[in-house]
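Data first, discussion second: the structure below is written as structure tokens.
The values are calculated or read from the model by the stated rules, or taken from the named source; none is laboratory data. A quick note: this is a predicted structure, and the numbers were derived from the prediction, not measured. Here Cβ is always computed from backbone atoms with ideal geometry, including for glycine, and neighbour counts include all displayed protein chains. Surface accessibility is based on the protein's heavy atoms, side chains included, excluding ligands, DNA and RNA. Shrake-Rupley method; radii C 1.70, N 1.55, O 1.52, S 1.80 Å.
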Amino acid sequence: MKMLHNIHQTGPKMIQKYWIIIMLFVLSLTGCARLDAIDYTPKLSPEAFLQQQPSVHIAMGSLDFMLCQPSSSVFVFLVAFFTIFTGYKILSRADGQWSRQWWGVGLLLTGVGALLAGVSYQAMGYEIKCNGREFCTFTSWWEIFYMLLSALGMAAFVIAAAYSNAQGLARKTIIYCAALGAISYSAMLLWGAFTANQLLVSFEFMAVFSTMVVLFLIALHGSGFAKNKDAMNLTSLKAWLIFVAVFLGYILYLTLQISAALWKTGVWFTENDVLHLGMIYWVFYVGRNVANVVQDAGNVGKPDLAS
């Protein structure tokens, strides 16, 4: 109960207080080499890695590296900075509403995670996972950090929904479940990194965790709208349905192998580009619509941001 009280009293300020500790702990793990033991299946040489995607050799003085997927890098960094900016804007006009504060925190975490993902999945993928190796590694600590932040971001969205759609014991239960879910996923992710378990450190495994969270949010806001016929739940429900539509577009594009077909013609536009462009629209919708109507259920008081 004391931990929940602290969350309630300090809100995003507590995230800021412990974030440095969390990052220092995670950074201390980068010395572990087990993650490097996970290769692509089948094995992928650095030369083959470059053949699968567009790349540009950058040589400027002491800078000498391969920039991979230039257009995709632009898209992912755009969605990252836009998400961070939107999260900051929501926090700056939260007006004492805990639900808005946690929406802002969720977007900030998601945005920073997307920034890290763009470095390893796109722009610097060759340098991080292939350069100087016989075979490219499947993932990197940049991607592990991205998935950790994404899990925390999803937990923040659930906490936001707890404040907007529940009170009393129900609210506490949802908050505890959100924290437990994020901790459980993070533990499995780190275990996968230490034991070289490809499934646990994969994007697909993270997608399973995120799917469960999103389905819960759809059910919560859907039942809230069915009961109250209010704009807040309707707008939030639309936001998560848009989120689902974006990922369904990603899955369809990936399943049909459109990326490979286009690349054979010299056109680079992947399922990740579909995902990132869709996420830009989702963040825009959240910032323009959800942030304007979401509010706390009942009177939980204004957070003491100075504490």
Exercise for review: Working with all protein chains in place, sort Met188, Met212, Met232, Met124 by solvent-accessible area computed with a 1.4 Å probe, largest first.
Suggested key: Met212, Met188, Met124, Met232
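May I ask for the equivalent-ellipsoid semi-axes of region 153-304, computed as the square root of five times each C-alpha gyration tensor eigenvalue and listed largest first in whole Å?
32, 22, 12
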**Study point:** Label point distance in nm, Lys238-Lys172, each placed 7 Å from Cα along Cα→Cβ
**Key:** 3.6 nm
Study note, to complete from the structure: Reported to the nearest 10 Å², Thr265 has, with a 1.4 Å probe, an accessible area equal to 100 Å²
Review point. So, with +1 on the Cβ of K and R and -1 on the Cβ of D and E, and no other charges, what is the size of the charge dipole of the chain about its Cα centre, to the nearest 20 debye?
Key: 1060 debye
Review point. Top mean-square fluctuation among Leu252, Leu237, Leu277, Gaussian network model of the chain, C-alpha springs under 10 Å?
Key: Leu252
**Study point:** Where N is the number of residues in the chain, Cα Rg divided by 2.2 N^0.38 Å
**Key:** 1.05
Check your understanding: Considering the chain as a Gaussian network with a 10 Å cut-off on Cα pairs, which listed residue, Ser184, Ser73, Ser236, attains the greatest mean-square fluctuation?
Key -> Ser184
Check your understanding: Roughly how many nanometres apart are two label points built 7 Å out from the Cα toward the Cβ at Phe65 and Ser223?
Key -> 4.8 nm
Point to revise | Folded to 0 to 90 degrees: helix 231-255 orientation relative to the chain principal axis, Cα | key: 20 degrees
Exercise for review: Using a 10 Å Cβ count of at most 12 others and DSSP loop calls, identify the longest part of the chain lacking such trypsin sites (Lys or Arg not before Pro).
Suggested key: 94-228
Exercise for review: Can you check what the net charge comes to around Ile258, using other residues whose Cβ is under 14 Å from the Cβ of Ile258 (Lys, Arg +1; Asp, Glu -1)?
Suggested key: -1
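With all protein chains present, how much of the accessible area of the chain (probe radius 1.4 Å) comes from carbon and sulfur, to the nearest whole percent?
Working: 10110 of 14980 Å².
Its accessible area is 67 percent carbon and sulfur atoms.
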